[in-house]
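Let me begin by presenting the structure, written as structure tokens, before commenting on it.
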């Protein structure tokens with residue numbers, strides 16, 4: 001091997017660049033894989049407190065599937081405080097939107113006509129004095145980035161219950177927004193890359 005003092009730092013810089021590129025490629029392909037291979041579910045949005053409607057260039061979205069009634073949780077609640085994640089079975093409702101049919105702190109088995117979504121990890125703290133009435137779940141699709149100045153249209157549609165989101169759910173329960181529609185008309189569609 002050469003005794004050139006620049007070889008090792010150059011090799012280290014190339015290695016770091018390759019690793020960073022591979023990591024970014026993994027992140028992009030992971031998102032694209034969900035959009036390419038996932039199952040579509042159309043979700044109904046619900047209004048959010050108007051003081052937090054738009055922060056910068058994204059719109060805050062909340063869904064009716066974000067509030068899970070306690071009677072939909074099968075297998076019980078953890079008895080001790082713990083890091084948790086919910087498996088949420090979504091089924092198509094008569095109005096065309098998908099809703100919560102069942103949720104569990106453990107893995108739910110696949111079932112015909114349903115899709116299993118996974119909530120984002122959260123810290124669950126049981127309240128022994130009063131039973132849980134409902135759980136709030138995030139799915140990683142609660143923010144939608146828009147071109148600067150275009151968030152107001154989505155906010156108004158969301159607050160008028162005219163905004164719907166079509167999300168793709170992959171086999172691991174991860175969700176990605178595929179389409180935003182106002183009164184059923186597509187407004188934004190996510191490209192794969």
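Assorted remarks:
- So residue 46, is it at pLDDT below 90, under 18 Å from residue 177 (Cα atoms), touching a helix residue (DSSP H, G or I) at 6+ places or on another chain (Cβ under 7 Å) and surrounded by 12 or more Cβ atoms within 10 Å (Cβ to Cβ): yes
- Here 99, 38, 56, 76 are screened, and the one residue that is closer than 17 Å to residue 135 by Cα and modelled with pLDDT under 90 is 76.
- Residues in the stretch 86-104 that are outside any strand (DSSP E or B) and surrounded by 18 or more Cβ atoms within 10 Å (Cβ to Cβ) were compared, and the one that is nearest to the chain's Cα centre (by Cα) is 86.
- Scanning the stretch 132-185 for residues that are at pLDDT 95 or above and in a helix (DSSP H, G or I) yields a total of 0.
- Only one of 134, 161 that is closer than 14 Å to residue 61 by Cβ, more than 17 Å from the chain's Cα centre (by Cα), surrounded by fewer than 17 Cβ atoms within 10 Å (Cβ to Cβ) and touching a residue at least 40 places away in the same chain (Cβ under 8 Å): 161
- Within the stretch 66-75, the set of residues being farther than 26 Å from residue 183 by Cβ and either in a strand (DSSP E or B) or free of Cβ contacts under 8 Å to residues at least 24 places away in the same chain (or both) comprises 68, 69, 71, 73, 74.
- Residue in the stretch 110-126 that is without any contact (Cβ under 8 Å) to a residue 12 or more places away in the chain, out of contact with any helix residue (DSSP H, G or I) (no Cβ under 6 Å at 6 or more places or on another chain) and either on the phi > 0 side of the Ramachandran plot or part of a loop (DSSP other than H, G, I, E, B) (or both) present: yes
The values are calculated or read from the model by the stated rules, or taken from the named source; none is laboratory data. The shown structure was predicted, so the numbers you read here are calculated from the model rather than taken from an experiment. FYI the Cβ positions are ideal-geometry reconstructions off the backbone, even for glycines, and counts take in every protein chain you see.
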